[in-house]
Every structure is written in structure tokens, then in C-alpha cells.
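Taking it in order: structure first as C-alpha cells, then the write-up.
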Amino acid sequence: MNKPSLRIPISLFYILSFAFAFSTCDSIRSLLVSKLGAAEDYKPETDPGKLVAEFSSKDTSREKINIRLVEVAAGFAQPTDLQFPPKEDEYFLVAEKQGKLKWGKVNSKLTGVLLTLNVISEGEEGLLGLAFHPDFAKNGKIYLNYTLKQGKKDISRIAEWTLSQPKDLPNAKAESERVIMEVEQPYPNHNAGQIAFGPDRLLYVGWGDGGWMADPRKNGQNPKTFLGSMLRIDVNSPSEKLPYSIPKDNPFVGDTCCAPETFAYGLRNPWRYSFDPKGRLILADVGQDLWEEIDVIEKGKNYGWNTKEASHCFDPKEKCKSEGLTDPIYEYGREEGQSITGGYVYSNSKVSGLTNKYVFGDFITGRLWAISIPEDTNSTAKTAYALGKWPILISTFGRDHSGNVYVVDFASGRIYKIE
């Protein structure tokens, strides 16, 4: 998860900053986990016994879209990702933070464990993301992003698993693992975790900056490292030296400035991204002090962290060099939420006013919004529609083949369909 270490009282900030200057990496790791808390320590801000939307004074200037959240599945523990196989509306997979991969079925209490991984799950670590291969129905391949311990190091791993019966998830077995990529994580936060196949059938891997606060290792503005970047790789064609190949049209191939896997960079902690029906990559990047942001990720662009937080100077606080940096299409401040969770474009027609709008939320406050993605990605979304404040911790979203969008509650393990 990407949520526990986001809100830091100023007194604690100075204590931890002093400790950072004089402590080892292991002691900082312990401080982050013990002082800032774990995701399971967070509780919904409103009454979880009443699944009713509230609209606060902050919504008065916004047009509202009335929705219901209808429970369609339950029985999951600290869910971090929800994915439907290609062309599927009924069965799905859920990643749980503690390392279990489970199958479920819409409008059914049936669920089961497909795979259990030996993960480390301190702070924001754990089983954090999954993706189905575009040809899953034929080859049974899925991809997982999880953290594990190698010696004294924390490692994020992308691995390919083959399922024995891709058309029958309740009876499928995970038969083999092929490691695609491993990245050392210096701290137990900002691990990100999303992986997704694009319409080009290539795998997009979005890494956070590696953690702590304010990006002390400057990974966001260092495209030579995988951290703080969006990568783009071809898992279907292993090279001689790697279990994947690098697409020839990646923007930095042959340039010594950057890792050739890099597609874009300048990210802090991308917590959920997805491709919309037009093929655009829409990403939610969790902020540090003041701003949460949504970006449309495009080839070769720099999204600013840690020079900027959203469209605002971060380091330095004033008169930062913004040339060559791409601002978000939408941002919101602390008066509205504290930790953004990216979602999907709703491409069904059942909810009036929501069709073709991008739905996203805030983990801490339980608020949901929708925006129209601008055609010109250099402009901003003018209007955010209020979908209400709900008594849930929004850890992730899902979308089925029919374009329905689902909201996942980290606290209760329930899955809701937007209706």
C-alpha cells in the first residue's frame, strides 16, 4: 500500500529528519513503520455502518453525480488490487497486501485462494499489483508485483505466473514463476505496485521514488534509475541478457541520460494507473505535503517530482525551474483529501452523467470524484464532479469488460459496484 506514511505532524517530521541524519537505513525503516503506522491502523472518517454518501461544504461549488455503491463481493483482507481477465464481467482476481492472490465472483460470496506468496508487508510493502496478459485466455499468464526480503535488502519483484486453467479461475493452479524484474527498495514506503498492459501489448511498470520523505536520493529526477519512473518493456520477447526486451521506440533508447526501459519519469508514488478507451495512460500520483495529482503519461515526459509537487514548486519552494516539466491535468489540496487513488474511465451507460468520465478517489477521506480527461493533455480538467464522501478506505478500483467500475474498501475487504 502507499498510504500509511503520508500525513506527518511537523514535530514528528523534525524528529524523524534528525534521526535520518544520524541513523542507519534499517533504523529509519523501523521508525517509518513504528511511528507513522501501518495501513491497517487507518479507519474510515465517517460511519462504516452506513453506506451512504455525504456531501460536505467543499462540494457546494461542484456539480454532483448521484451514484450508489452496491456490494458485489466480500471476504478479502487488505485488498490492494482488483483485476478482471480480458473480456470478463464475472470472475476476477484480488491481490491482498499480506501476500494472498484470491479469485472472486461478482454477486457471489464465493472466493478462494489461488496463490500465497512469501512477502514482506511492513509499511507500504506487500503484494501490490497484478495484471493479466492480453492473451490470458490462451496462455494463462498473469503478472504480479510484490516485495520480498533478499538477505538484508527489500526487493520489489515483477514475476510472471502461468495458471493451469485460465477459463476456470476457481479450479486453476499457479504452476510456475518466471522473474521479470527486481528493484531494490531503500525504504518501506513509496513502492507503488501497479503493472498494466497497454493497447500496444507492452507491460507498463510504474515505480515510486523509493521512499522516505522529499525524495532524499533524488530518484524522481534521475531517469537512470528505475525508481520514480514509468517503465515500458516487452515480456513476450526475452533478450539474451534480460527476461524481457526493450521496445525500440522507447524514448531514451541509445541515450546515456536514462535507463532504456524508461518511458517517462518524475513520479513520486503512482498509486493506480489505467488506460482509457482512447489508449491514454492516466496516472494518480500521491503527493507529499499539499497536493495530489492526476497525470496523462506520455512518452519521454518529465512530471516534475521532486522539483514540483503537482504544479507547485517543492524544491525549492519558490522560483523552481519548471522548463521541460509537465504539469498534471488535475490536482486537489489537503482541504479535500490526503492520498489519491487512481481509477478508471467509466465506459458503461447505466449511470447518467458518468459515461466517459474518469473516476478516482481518496484513500483517507473516502471521497469519490469524476473528471473528463481533456483532449489536449497540456490543458487541465476544468470540472470535477462530486460523487460523495463514503465510509470506506479506497485502496483501488476495478473495471470489467462492459466498462463498469468497482470500488474496493481496504478496511472491510468489500468490493462495490458503482450504480
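Here are some notes:
- Given R0 = 56 Å, the distance between the Cβ atoms of L290 and N118 translates into a calculated FRET efficiency of 0.90.
- Of interest is the spacing of the C-alpha centroids, which for the range 183-250 and the range 303-353 amounts to 20 Å.
- GNM flexibility winner over the chain from V235, V183, V52 (Cα, springs under 10 Å): V52
- Across the chain, C-alpha contacts under 8 Å between residues 6 or more apart give a mean separation that, scaled by the residue count, equals a relative contact order of 17 percent.
- Across the range 91-106, rounded Karplus estimates of 3J(HN,Hα) from the backbone phi angles (6.51 cos²θ - 1.76 cosθ + 1.60, θ = phi - 60°) give 8, 8, 10, 10, 8, 10, 4, 7, x, 8, 9, 10, 9, x, 9, 5 Hz, Gly and Pro being marked x.
- Sum of side-chain charges, T383 neighbourhood, beta-carbon under 11 Å (Lys, Arg +1; Asp, Glu -1): +2
- FRET efficiency for S322 and D249, using Cβ-Cβ distance with R0 set to 35 Å, rounded to 0.05: 0.80
- Listed residues N356, N378, N189, most fluctuating in the chain (Gaussian network, C-alpha, under 10 Å): N378
- Cα-centre dipole for the range 208-329 with unit charges at Cβ (Lys and Arg positive, Asp and Glu negative), debye to 20: 220 debye
- Couplings 3J(HN,Hα) of the range 171-177, computed from phi: 10, 7, 10, 7, 9, 7, 10 Hz, in residue order, whole Hz [Karplus 6.51 cos²θ - 1.76 cosθ + 1.60, θ = phi - 60°; x for Gly and Pro].
- The residue list Y358, L69, V183 was ranked by how far each Cα lies along the charge dipole of the chain toward its positive end, using unit charges on Cβ atoms, and L69 comes out on top.
- Scanning residues 5 or more positions from I195 or on other chains, those with amide H under 5 Å from its amide H are L130, with H placed 1.01 Å from N in the peptide plane.
- With protein chains left intact and a 1.4 Å probe, residues in the chain average 40 Å² of accessible area per residue.
- Subtracting the Cα-Cα distance of S108 and T355 from 0.36 nm times their residue separation leaves 86.3 nm of extension gain.
- The slack in the chain from K173 to S57, taken as 0.36 nm per residue of separation less the alpha-carbon distance, amounts to 36.8 nm.
- Each Lys or Arg adds one and each Asp or Glu takes one away; over the other residues whose Cβ falls under 11 Å from the Cβ of F314, this sums to -2.
- With 21 Å as the limit on Cα-Cα distance, the pairs of K64/K417; K357/K417; K141/K301; K97/K308; K102/K278; K64/K389 that go past it are K141/K301; K97/K308; K102/K278.
- Oblate is the label for the range 213-358, because a/c, from the alpha-carbon gyration tensor with a ≥ b ≥ c as root eigenvalues, is 1.5 or above and a/b does not exceed b/c.
- Stretchable slack from S311 to S239, in nm (0.36 nm times residue separation minus alpha-carbon distance): 22.0 nm
- Reducing the range 397-419 and the range 51-91 to their Cα centroids gives an inter-centroid distance of 5 Å.
- Cα gyration tensor category, rounded, prolate or oblate, for the range 51-189 with a/c compared to 1.5: oblate
- Gyration tensor (alpha-carbon) shape descriptor, the range 60-127, a/c threshold 1.5: oblate
- Positive contributions from Lys and Arg (+1) and negative ones from Asp and Glu (-1), summed over other residues with Cβ under 13 Å from the Cβ of L148, come out at -2.
The values are calculated or read from the model by the stated rules, or taken from the named source; none is laboratory data. Keep in mind it's a predicted model, so treat the numbers as computed, not measured. Reconstructed Cβ throughout: ideal geometry from the backbone, glycine too, with neighbour counts over all protein chains shown. In case anyone asks, the SASA skips ligands and DNA or RNA and just uses the protein heavy atoms, side chains included. Shrake-Rupley method; radii C 1.70, N 1.55, O 1.52, S 1.80 Å.
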